[in-house]
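Quick notes on the structure that follows.
The values are calculated or read from the model by the stated rules, or taken from the named source; none is laboratory data. Here the structure is a predicted model, which means the values were calculated and not measured. All Cβ positions, glycine included, derive from the backbone under ideal geometry; neighbour counts span all protein chains shown. These area figures cover heavy atoms from the full protein model, side chains too; ligands, DNA and RNA do not enter into them. Shrake-Rupley method; radii C 1.70, N 1.55, O 1.52, S 1.80 Å.
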Amino acid sequence: MVMFLFLVVALAVVVAAVTLAVVGGGESGPLPEAAPERLRDALPPDRPVGRADVERLRFPLVLRGYRMADVDDALGRLGAELAERDARIADLEAALEGARAAAPADRPARVAMDKPGHEDGEQ
């Protein structure tokens, strides 16, 4: 019988606490929607992306992994940077080949003059 009275009193205390919480919280209404977590350290827009930027990049977790928009933006930016660098490398290699083709006669004379023991005009 004592156990039954204890359970009834405990149940009344729990019901009273829940009622006070609901009535007391009714003034401010329901909780506002939480803003979704966003990517904090995005890739820098004002300079080329470096290795440290990629290593520092961390995506916020959501219910099923990562936010697709954040990952898509980062991959798009990295893809554009790589394409730009590949085009720049191709341009520089083409300019180097053009410079090599334009001056084939100068090259052997300069190499011979640069060898040790050869001073200006000395043979």
Give me the pairs, please: first residue somewhere in the range 46-72 and over 17 Å from Ala83 (Cβ atoms) and free of Cβ contacts under 8 Å to residues at least 40 places away in the same chain, second residue anywhere and open to solvent by 100 Å² or more (accessible area, probe 1.4 Å) and of a type outside the set (S, T, N, Q), beta-carbon distance under 7 Å, and either six or more positions apart or on two chains.
-> Phe59/Tyr66; Pro60/Arg38
Output the helices (runs of 4 or more DSSP H) that fall wholly within the range 27-123 and possess 3 or more residues being at pLDDT below 85, or say none.
-> 106-114
